[in-house]
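All remarks here apply to the structure that follows.
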Amino acid sequence: MQHAINGVQMHWREAGTGDPLILLHGFPFNCELWEPQLNAVPDGWWYIAPDLRGFGKSEDSGSDALTMDRHADDILALMDHLGIDQAVIGGLSMGGYVALSLIMRYPDRVRALVLAATRASADSEEARRNRLEQAATVRKSGIKVVVDSMLPKLFSAHSKMKVPETVTRVRKMMDGTSAETMARALEGMAQRKDYSADLPNIGVSTLVLRGEQDEIIPAGDMEAIARTVRGARHEVISLAGHLPNVEAPDVFNKILTHYVTMLPPALKLGDLSLSF
Ligand code: MLT
């Protein structure tokens, strides 16, 4: 599917009908990252996986940083376009940064949160400097520097051995991302806010999911989210790395399906007045 959203053509994939779950991909991937989830939508659910601005088949214009707030605003506009008042928002890694921006700024639009392989903190000064240096290198010499440095860290040793075709598919996704999008996304992630202190304000059901052997997001970052968000459910997928949804899709889907299908019914606008 494709439509003009906030001035650019945005592309997304969707599957199923019913209650919406929006799945936000990480950096530097695209909506195809959610292929195993789009193939396993439970009855009564509508999964929507957008290509974030500049990624996959979504266009972009401009040359400034692709900030998490900008992506979140695009997702809000996509929800408006699709007639969705409230959705479950799921995000993996950079997609999780976008999900946090969305719930912190538009809490009424989020029914529940799924945070996978992500963190609430901002970059340290050193990480920020590294990102900006990487952005400059990508602009000058192309995307290889990012792909070559990230790919070995994305998968657990077990996954590299067991699902080599998934590693190839993910590499293809990364290779398809333009140098300009990568550079601007690196600049956007370097600017992201620190939401650690705001986590106790999250008032919706939250599922925190991580691969046991994630080399990119330290376990402590995810444990901090699980500890701080009230009532959060924390699941660790053994033998998986930074991309548990493609490394162990059956386990990931089982947890996700169980979680969404057990959520309390969505509140309709009229429900509030009826309860008084
Ligand atoms: C991602 O997978 O989205 C990135 O690893 C996030 C990051 O670089 O912070």
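The values are calculated or read from the model by the stated rules, or taken from the named source; none is laboratory data. Being a predicted model, the structure only gives us computed values, none of them experimental. Because the Cβ atoms are built from the backbone with ideal geometry, glycine has one as well, and the counts that use them run over all protein chains shown. Side chains are part of the model used for accessible areas, which takes the heavy atoms of the whole protein and leaves out ligands, DNA and RNA. Shrake-Rupley method; radii C 1.70, N 1.55, O 1.52, S 1.80 Å.
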**Item:** Restricting the stretch 148-194 to residues that are β-branched (Val, Ile, Thr) and without any contact (Cβ under 8 Å) to a residue 60 or more places away in the chain, the residue that is farthest from the ligand (Cβ to nearest atom)
**Value:** 168
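The rows are residues; the columns are (1) at pLDDT below 95; (2) farther than 23 Å from residue 265 by Cα; (3) touching a Ser or Thr at 6+ places or on another chain (Cβ under 8 Å).
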{"site": "11", "(1), (2), (3)": "no, yes, yes"}
{"site": "16", "(1), (2), (3)": "no, no, no"}
{"site": "43", "(1), (2), (3)": "no, no, no"}
{"site": "46", "(1), (2), (3)": "no, no, yes"}
{"site": "62", "(1), (2), (3)": "yes, yes, no"}
{"site": "65", "(1), (2), (3)": "no, yes, no"}
{"site": "69", "(1), (2), (3)": "no, yes, yes"}
{"site": "83", "(1), (2), (3)": "no, no, no"}
**Prompt:** Which members of the stretch 80-102 meet the condition of being in contact with an Asp or Glu (Cβ under 9 Å, 6 or more places away or on another chain), open to solvent by less than 30 Å² (accessible area, probe 1.4 Å) and either away from the ligand (no atom under 16 Å from the Cβ) or free of Cβ contacts under 8 Å to residues at least 40 places away in the same chain (or both)?
**Reply:** 87, 88, 102
**Prompt:** With (1) among the aliphatic types (A, V, I, L, M); (2) surrounded by fewer than 18 Cβ atoms within 10 Å (Cβ to Cβ); (3) without any contact (Cβ under 8 Å) to a residue 40 or more places away in the chain; (4) within 16 Å of the ligand (Cβ to nearest atom) as the list, and residue 197 as the residue in question, which single condition is left unmet?
**Reply:** (4)
**Message:** Regarding the stretch 6-13, can at least one residue be identified that is surrounded by 21 or more Cβ atoms within 10 Å (Cβ to Cβ) and without any contact (Cβ under 8 Å) to a residue 60 or more places away in the chain?
**Reply:** no
**Prompt:** Within the stretch 115-144, can you find the residues that are open to solvent by 60 Å² or more (accessible area, probe 1.4 Å), within 14 Å of the ligand (Cβ to nearest atom) and either in contact with a Ser or Thr (Cβ under 8 Å, 6 or more places away or on another chain) or of a type in the set (Ser, Thr, Tyr) (or both)?
**Reply:** 124
**Prompt:** Only one residue in 64, 108 is closer than 16 Å to residue 199 by Cα, of a type in the set (Asp, Glu) and open to solvent by 10 Å² or more (accessible area, probe 1.4 Å), so which one is that?
**Reply:** 108
**Message:** Anything in the stretch 250-276 that is at pLDDT 95 or above, within 18 Å of residue 112 (Cα to Cα) and either of a type outside the set (Phe, Trp, Tyr) or loosely packed, with under 13 Cβ neighbours inside 10 Å (or both)? List them, or say none.
**Reply:** 253, 254, 255, 256, 257, 258, 260, 261, 262, 263
**Request:** Count, please, the residues in the stretch 30-42 that happen to be over 14 Å from residue 253 (Cβ atoms) and either open to solvent by 10 Å² or more (accessible area, probe 1.4 Å) or among the acidic types (Asp, Glu) (or both).
**Result:** 2
**Request:** Report whether or not residue 212 is surrounded by 17 or more Cβ atoms within 10 Å (Cβ to Cβ), away from the ligand (no atom under 16 Å from the Cβ) and either aromatic (Phe, Trp, Tyr) or modelled with pLDDT of 95 or more (or both).
**Result:** no
